[in-house]
Amino acid sequence: MTASVALRRSGRQGLSNPRGRRGRVESLTGWAFVTPATVIIGLFGAAPIIWSLVLSFTNDNGLTSGSAFIGVRNYKALAHDPVVSQAIEHTVVYTALFVPGTMLVGLFLAVAMNRKIRFMWFYRTAAYATMAISTISEALVFIWLFDPSFGIVNYIFSLLHIPQQAFLNSPGEALYVIVVMTIWGWSGFAVVIYLAALQGIPQDLVEAAAIDGAGRWETFRRITLPLLSPASLFLAVWLTINALQLFDEVYLSTRGGPLGATTVLVYYLFEQAFQTNFNFGYASAIAYLLFIVILVVTAIQFRVGRRFTYYRS
Amino acid sequence: MGTYRLRQSPFGAPPARRLLCALAVIGVSALAACGSGSGATSGGSKSIQIWEGWTGAEAKAFAHLVAEYQATHPGVKVSSLFVNNDYTLQKVQTAVAGGNPPDIAYLYGSWAPNVAKLSGVVTLTNVVKRPSVNWNDFWVGERDVATVNGRVIGVPALVDNLAVVYNKALFAKAHLPLPGPNWTWPQFVADARKLTNPAIKQFGTAYVTPGSEDTVWHWEALLWAAGGQILNSSNTKAAFDSRAGLASLNTLRTMAVTDHSMYLDPTDSAYANLFNSGKIGMLVTGPWDLSGFPNVHYGVQIMPSFPGTNGGHQTISGPDNWVVFNNGASRVKTAEDFILWLTAPAQVKYFSLKTGDLPIRQSVGTTGFNAQMDAALPDVSTFTTNLGNVRQARPQIATYPQISQAIGTMVVSVLLGKSQPGPALAAAAAKVNQILAGSG
Amino acid sequence: MTVVPEAREMSTAGAVSGVRARTTMVRPRRRLPFSPWHLVLIPATIVLLFPFVWLIVTSIETPAEALRFPPDLTPHVIRLQNYPDALAAAPFGRFFLNSAVVAVTTVICNLVLCAAAGYAFARFRFLGRTALFIVMMATLMVPFQVTMIPQFIITKWLGVHLLAGAGIGHIGALIVPNAATAFGVFFLRQFFRTLPIEYEEAALVDGANRLAVLWRVVLPLSAPALATLAALTFLDSWNNFLWPLIAINSTAASTLPLGLATFQGAHSTEWTLLMAGNVMSLAPMMVVFLIAQRYFVRSVAATGLTGI
């Protein structure tokens, strides 16, 4: 059996037609399976979102109890707010670097760890541990590592005759430091996901390719990667959703600075809601703008993903 | 490929079912058994809940006081919940929106004008007028911050101010005379320059540059010392775009950009440890940092002055408030009684001695008391007497946080060398005027 | 040319080194006494674990040595007393218990509810399937800062009108809103779609109903994904800070992150105690992961598929 035959693009996933009599039973069963989770997610996830949508059309300040409907004024203000367009830019740049970076690091490490050599449990646990560490500890260590005067990175730069950088003191560089910090923090997640997926790849396919004379890299490119594509899609979607909502690391290190260089959308809306403006309505409008962006990006990812992901059926 | 037949599920049904049942029982009993967790929002009119962020020695001293109050006031229960001060406003806002406010909460003074808008905040104007309270015994900076448009919305909880903490050993090594009480900002700048040694990564001073209020209030102290004002007296226009503004900003700029004697900390976390490691000569900071300097022989001196101005050795203070919320008349009464007892001179004296926090009442800061404080925390009494140098407070208006942000951006951009003080001041003043105009 | 698979040992405990299929044409002969992958993994692990070194070193330092910058990773005085001190500073036993109850219950609820829903999305065709899935995914796309006040109000309403133990102030309020997450549904849906459908079809043909198919056929095959979801959900629940901060009003119902926050004042932090607390907080999460790791491999062997 050649490896290539074993794969088929995602084919039928359902087991019967929803419109026939068996289909109606299946519909009901489907809803039965889905209902408990739907109730929880609907009540605590969807309802607050609708609520916030309503808030975005008011001038609620989160303090006084009366608030008035002001129509789309918040959204109009959004369109003219220069900080919003900067925040969008920062968020997009961050996401564009973070998502591929984390996936590549995670894939590389997972492939390295997916073999039976000594201490494998230790390496895997180390990867997972990076997810377990509290964000404040992570932030403090990276602040130290990237300190312009006392940090290790500039020290290594000095040994390599690279000029000293200002890192978190530089509006041009601070965002990239956050990228590095968060790739470190999330690569463990990518490793765990990819490892779980790699475990599901049948070894006979890999061996068959080897029999056919394929080299290691070719096997990887033509067998392993396509079989990993569902995991890759999942990671791409989930990492993007999280990257576009970056907040904690910014709050715990640069507070959106220096000079707003690391102000991403969620940090800006947090400031608007709880720190400077106390304008909940405006913050909700920003959140909805972000929501639309994330929805569109995710939809695109699923669309594109459908063409490239292989499910074995 | 034939049809694959599976072996029996490795779980086997009965053990798994038993496991699930056991876990379901645990889950349900967990939900049921949590009646203990409801806090003091129920429990009668003599049971109040206070949200505070005391840690370490402060937490112990506070717990002791609470116990003492309960012992001497039978029937009253004060339950305190730790809430990190940075998050208290968010928690209070959510609780108020949900109809579940605490009885008393510790809230930053800089939030006061916005806290005043919260529904349920109890007006204490008449309460503090009682002779037994002796409202004027509280430092003027505290009273200013507890009052919004003539309405007293809180009782002082904490007071501090900025002064200069310096490393005696580094001064000795550089053969510099120690800062004296009549020193000036030009002297500070010169000292900083002499204390800077790039070869051993030693800096004369430091400044925090996240652009937050921490960045701003350090500069405002200089602005006031230079004889300037933040806003005009009716809080309708920016007033910092002045000679005083220029002088104060240039002072900082000289150190940061020209002399490179100023360590810039964008994260607000490294400068204190750096000072404790002997890498910084002088810090403009408050009494809360003193306990973080066990490795340094430090001294404390009042802020320098600008020669040729009437600003004197002015400093800035950042008091915080206990705010009372309305959970019914009897609980309000219990809360008021407790908070007035807590801030009475005897308790203030106890708390300050145990924690090193400055006494919030002027009458407590006697010479004998100050000596006692110094015995526990060297030189902290300089901060206490420095409270006499607090002449004014930041504008108590709801838009101050936005103004602060504009000023913060200005200060950081000058310190990072991205703009010159003159244009930066003008731009920030324009922004502030816009903000003030927008609020009507 | 034939493939000669060597004996495969499935256990990861006491790992056997260097067992792999041998083909004479492709694999180069080994020059090192250990797998060359170690040369990659060791530096990578150092980078990954570096912050933990700092964490642990700070947790056994004296406060005087901890208050240094740059941090010095070679303390002169070791102070193990930080650990008992941290435990004594606040009722950490209670916090551990609360965190454990919340995390374990949340994990179980998630596994059950998300597996059911994920399976339905993966295999069933029912009216409104796509729309419902989109709505679920949408709940992941709005930041918590915006939804926390409505969530608070809804939770309060639930506690007053439906189930007292799930209302504000009770740890049920920490469990119920997270009992099922769109992440879990999404994750398991993706995973179920990668399973070959033949097993389920065969079981259906044999007369099993859909629930039995899920329980007896799909779930056993899904142990890696379930273990992964369990580990991730546990982690999320254990480390959750902002929602417990808002929903819990008493020390008795507080969880571990809230307890650790008591070491962080507005102006000064007790670093040594905080890091000791962090280290102790990490331990259960690592235990959970080590347990979950075993399921990654065990399930594959149990189902009889040739695998790694």
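Overview of results
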item	result
Odd one out for A:Gly66, checked against (1) outside any helix (DSSP H, G or I); (2) modelled with pLDDT of 85 or more	(2)
Exclusive hit being in contact with a Leu (Cβ under 9 Å, 6 or more places away or on another chain), within 10 Å of chain C (Cβ to nearest Cβ) and of a type in the set (A, V, I, L, M), set A:Ile183, A:Ile211, A:Ile201, A:Ile178	A:Ile201
Which numbered condition B:Asn134 misses (of (1) within 19 Å of the chain's Cα centre (by Cα); (2) at positive phi)	(1)
Where A:Phe150 falls short, out of the listed (1) in a helix (DSSP H, G or I); (2) crowded, with 18+ Cβ neighbours inside 10 Å	(1)
All positions within the stretch B:383-418 that are within 15 Å of B:Ser110 (Cβ to Cβ), assigned to a helix (DSSP H, G or I) and more than 10 Å from chain A (Cβ to nearest Cβ)	B:Ile407
Filtered residues of the stretch A:102-122 (kept if crowded, with 23+ Cβ neighbours inside 10 Å and within 8 Å of another protein chain (Cβ to nearest Cβ))	A:Leu109, A:Met113
Residue in the stretch A:225-236 that is touching a residue at least 12 places away in the same chain (Cβ under 8 Å), polar (S, T, N, Q), crowded, with 20+ Cβ neighbours inside 10 Å and not in a helix (DSSP H, G or I) present	no
Hits in the stretch B:311-325 - residues which are more than 15 Å from B:Trp217 (Cα to Cα) and either open to solvent by 10 Å² or more (accessible area, probe 1.4 Å) or not in a strand (DSSP E or B) (or both)	B:Gly311, B:Gly312, B:His313
Verdict on B:Gly141 being modelled with pLDDT under 95 and within 30 Å of B:Ala59 (Cβ to Cβ)	yes
Elements of type helices (runs of 4 or more DSSP H) contained in the stretch C:161-270, each with 1 or more residues being under 27 Å from C:Asn98 (Cα atoms)	C:172-175, C:182-193, C:223-239, C:242-247, C:256-261
Residue, farthest from the other protein chains (Cβ to nearest Cβ), within the stretch C:178-229, restricted to residues that are under 15 Å from the mean Cα position of the chain (by Cα) and open to solvent by 20 Å² or more (accessible area, probe 1.4 Å)	C:Leu226
Residue that is modelled with pLDDT under 90, in a helix (DSSP H, G or I) and of a type in the set (Ser, Thr, Tyr), where the choices are A:Thr29, A:Thr95, A:Thr91	A:Thr29
Filtered residues of the stretch B:102-119 (kept if closer than 21 Å to C:Gln151 by Cα and open to solvent by 20 Å² or more (accessible area, probe 1.4 Å))	B:Ser119
Residue list for the stretch A:291-309, restricted to those being over 20 Å from C:Ala131 (Cβ atoms) and touching a residue at least 60 places away in the same chain (Cβ under 8 Å)	A:Val293, A:Phe308, A:Thr309
Of the criteria (1) touching a Phe, Trp or Tyr at 6+ places or on another chain (Cβ under 7 Å); (2) modelled with pLDDT of 95 or more, which one B:Pro423 fails	(1)
Within the stretch C:40-61, considering residues that are in contact with a Leu (Cβ under 8 Å, 6 or more places away or on another chain) and within 17 Å of A:Gly106 (Cα to Cα), the one modelled with the lowest pLDDT	C:Leu41
Matching residues in the stretch B:58-107 - criterion: being more than 8 Å from chain C (Cβ to nearest Cβ), outside any helix (DSSP H, G or I) and either over 26 Å from C:Leu260 (Cβ atoms) or in contact (Cβ under 8 Å) with a residue 60 or more places away in the chain (or both)	B:His73, B:Pro74, B:Gly75, B:Val76, B:Lys77, B:Val78, B:Pro101, B:Asp103, B:Ile104, B:Ala105, B:Tyr106, B:Leu107
Unique residue being of a type in the set (D, E, K, R) and either surrounded by 18 or more Cβ atoms within 10 Å (Cβ to Cβ) or at pLDDT below 95 (or both) when the list is B:Glu58, B:Glu68	B:Glu58
Residue tally, condition facing chain C (nearest Cβ under 7 Å) and open to solvent by less than 20 Å² (accessible area, probe 1.4 Å), over the stretch A:126-146	11
Residue in the stretch B:160-182 that is free of Cβ contacts under 8 Å to residues at least 40 places away in the same chain and either buried (at least 19 other Cβ atoms within 10 Å of the Cβ) or touching a Ser or Thr at 6+ places or on another chain (Cβ under 6 Å) (or both) present	no
Which numbered condition C:Val142 fails, given (1) among the β-branched types (Val, Ile, Thr); (2) open to solvent by 50 Å² or more (accessible area, probe 1.4 Å); (3) not in a helix (DSSP H, G or I)	(2)
Unmet requirement for A:Phe167, which otherwise passes all of (1) under 27 Å from A:Tyr123 (Cβ atoms); (2) more than 8 Å from chain C (Cβ to nearest Cβ); (3) without any contact (Cβ under 8 Å) to a residue 60 or more places away in the chain	(1)
Which listed residue, of B:Leu178, B:Leu170, is part of a loop (DSSP other than H, G, I, E, B) and not β-branched (Val, Ile, Thr)	B:Leu178
Residue identified as facing another protein chain (nearest Cβ under 9 Å), under 25 Å from the mean Cα position of the chain (by Cα), part of a helix (DSSP H, G or I) and not hydroxyl-bearing (Ser, Thr, Tyr) among A:Phe220, A:Phe189	A:Phe189
Residue, surrounded by the fewest Cβ atoms within 10 Å (Cβ to Cβ), within the stretch C:56-114, restricted to residues that are in a helix (DSSP H, G or I) and among the acidic types (Asp, Glu)	C:Asp85
Qualifying residues in the stretch C:256-283 (those that are within 11 Å of chain B (Cβ to nearest Cβ) and among the hydroxyl-bearing types (Ser, Thr, Tyr)) - the one most open to solvent (accessible area, probe 1.4 Å)	C:Ser268
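So that you can scan it fast, the table gives a plain yes or no per residue for (1) open to solvent by 20 Å² or more (accessible area, probe 1.4 Å); (2) more than 20 Å from B:Gln314 (Cα to Cα); (3) of a type outside the set (Gly, Ala, Ser); (4) in a helix (DSSP H, G or I):
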site	(1), (2), (3), (4)
B:Tyr263	no, yes, yes, no
B:Ser269	yes, yes, no, no
B:Trp288	yes, no, yes, yes
B:Ser291	yes, yes, no, yes
B:Val296	no, yes, yes, no
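The values are calculated or read from the model by the stated rules, or taken from the named source; none is laboratory data. Because the structure is a prediction, the values reported are computed rather than measured. Backbone-built Cβ (ideal geometry, glycine too); neighbour counts: all protein chains shown. All accessible areas refer to the heavy atoms of the entire protein, side chains included, with ligands and DNA or RNA removed. Shrake-Rupley method; radii C 1.70, N 1.55, O 1.52, S 1.80 Å.
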